[in-house]
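The values are calculated or read from the model by the stated rules, or taken from the named source; none is laboratory data. Please read all numbers here as calculations on a predicted model, not as lab measurements. When we count neighbours, we look across all protein chains shown, and the Cβ atoms used for this are built from the backbone with ideal geometry, even at glycine. The protein model used for the area step is the full one, side chains on, heavy atoms only, and it has no ligands, DNA or RNA in it. Shrake-Rupley method; radii C 1.70, N 1.55, O 1.52, S 1.80 Å.
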Amino acid sequence: DDPRLGNLFQTHDFTPTEHKQTDKILVTLLGFPHDEGVRRNGGRPGAAAGPSTLRSLIERQGALNNLEYNLDLRDFILLTDAGDIDQSLLLENAHSQLRARVHSLLDQGATPFVIGGGNDQSYPNARGLLDHLQTSASNSSIAVINIDAHLDVRPLKNGLVHSGSPFRLLLEDPEYSDRKGHFVEFSAQGAQVSAEHANYVLGKGGKIVWLRECTPSAGRKFSEILASFPEETAIFISFDLDSVRSSDAPGVSCPATVGLSAEDALEICRVSGADKRVRIMDLSEYNPGAESYRTGRLVGMMFYHFLLGLATRHAQRNS
């Protein structure tokens, strides 16, 4: 009498034809259990356990029939689990597999939600979206929002990618430029950001929204950013959990004394899901080795609120 997220997962993969016949939004959970990029960047390891720990926690989270929002997720969402990227792979090979899996899921009509793992996953996720736009012959531009205390545009270290480099790789990608890409750093903290890196982002045409600009309502500010993108835009939301203050999310790779609140995080996820242009979302740096239960339940509720947003999107489309 109290179905939760665990009851929403489907027991078989849906073909594109089956998906269309249901008239529901297909959402696929995909895990990236790698934290070598965090090690390379000098952070504390442990995020490789993020996907498996999250799965163990979300089974009993999130009422499917939410009377507060007057939404029953079963009416709007098909939820599947695509498993994990092979944990035995070297990081660069894992990135290649992730890029291909995201590309394939998007081609199948799914909305991927990728749980890490280190934030280095975000460039392969963005590349998967770019690959999908190319194979689908879409003329859409691309927009990427990095919700993070840091900018993550550091140069490679000895030629190796790491958790601080994904968005430099994106901004240097010719196909991103050809798509007239839009890039926003959201809730960045001045105390955590090199002036050289900030100038790099701005010099590449990116926008920085500082943490102090996210008050009194980070959700409202985030909605304004989404509204600034052209209608024909494919949007990728990248959420680094260390943007949330450590009193709400202690189990992260790089904890923050100040930051977004848990309420801010949930509203941003809901608003993201509600925007029809959002094609993929990832969440990085959940570190169960530092703290698993309280932070993990927040991550689960962030996923749940993303689904609530998707259900709102579908309900408004059919109204």
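From the Kirkwood radius over Cα pairs of the range 221-319, Stokes-Einstein at 37 °C and 0.692 mPa s returns a whole-number translational diffusion coefficient of 235 µm²/s.
Please work out the FRET efficiency for the pair Leu202 and Ala137, using the Cβ-Cβ distance as r and a Förster radius of 35 Å; give the result to the nearest 0.05. The computed FRET efficiency comes out at 0.60. Here the Gaussian network model covers the chain, with springs between Cα atoms less than 10 Å apart; of Pro33, Pro230, Pro124, Pro230 fluctuates the most. Spread over its residues, the convex hull of the C-alpha atoms of the range 72-194 is 139 Å³ per residue. Cα centroid distance between the range 93-118 and the range 152-218, in Å? Cα centroid to Cα centroid, the span is 21 Å.
Overall, the anisotropy analysis places the range 1-154 in the oblate class: the square-rooted eigenvalues a ≥ b ≥ c of its C-alpha gyration tensor yield a/c not less than 1.5, with a/b not exceeding b/c. Value of Rg to Rh for the range 171-278, rounded to two decimals, is 0.96; Kirkwood radius and Rg both from alpha-carbon coordinates.
Close amide-amide hydrogen proximity is noted between Lys207 and Phe183, Val184, Glu185, each under 5 Å apart and 5 or more residues distant or on a separate chain (H modeled in the peptide plane; Pro and chain starts excluded).
Placing unit charges on the Cβ atoms of the charged side chains and taking the dipole of the range 1-147 about its Cα centre, the candidate lying farthest along the positive direction among Ala137, Gly117, Ser104 is Gly117.
Per residue, the range 192-237 exposes 54 Å² of accessible surface when a 1.4 Å probe is rolled over the protein heavy atoms with every protein chain present. Amide H to amide H, with H built 1.01 Å from N, Val278 comes under 5 Å of Ile235, counting only residues 5 or more places away or on other chains.
Per residue, how many Å² of accessible area does the range 254-319 show with a 1.4 Å probe? List each step's numbers first, then the result.
Details: 2270 Å² over 66 residues.
About 34 Å² of surface per residue is accessible.
First compute the accessible area of the chain with a 1.4 Å probe, then give the percent of it belonging to carbon and sulfur atoms. On the chain, the fraction of accessible area on carbon and sulfur atoms equals 47 percent. Sequentially through the range 296-312, phi angles give Karplus couplings (6.51, -1.76, 1.60; θ = phi - 60°) of x, 5, 5, 4, x, 6, 5, 4, 4, 6, 4, 5, 4, x, 4, 5, 4 Hz, Gly and Pro residues having no value and appearing as x. For Lys207, give me every one of the lysines with a C-alpha distance below 17 angstrom, ignoring sequence neighbours fewer than eight places off in its own chain. Excluding near neighbours in sequence, the set is Lys180, Lys221.
Shown in residue order for the range 63-74 are the 3J(HN,Hα) couplings computed by the Karplus curve 6.51 cos²θ - 1.76 cosθ + 1.60 at θ = phi - 60°: 4, 5, 9, 9, 6, 4, 9, 6, 9, 10, 4, 5 Hz (x for Gly and Pro). Can you tell which of Gly37, Met301, Ser187 lies farthest toward the positive end of the dipole of the chain, using +1 and -1 charges on the Cβ of basic and acidic side chains (Lys, Arg; Asp, Glu)? Of the candidates, Ser187 comes out farthest on the positive side.
Please compute the per residue accessible area over the range 86-145 with all protein chains in place, 1.4 Å probe, rounded to a whole number of Å².
So the range 86-145 comes to 33 Å² accessible per residue, rounded to a whole number.
The shape of the chain comes out rounded: with a ≥ b ≥ c from the C-alpha gyration tensor, a/c is under 1.5. In this simple spin-label approximation, Ser104 and Glu18 carry label points 7 Å from Cα along the Cα→Cβ vector, and these lie 1.6 nm apart. Helical content of the chain, expressed as a calculated mean residue ellipticity at 222 nm, amounts to -11500 deg cm²/dmol (DSSP H runs of 4 or more residues, -39,500 (n - 2.57) each, divided by residue number, nearest 500). Here the range 201-319 carries DSSP beta bridges of which approximately 10% are antiparallel, counting only pairs with both residues inside.
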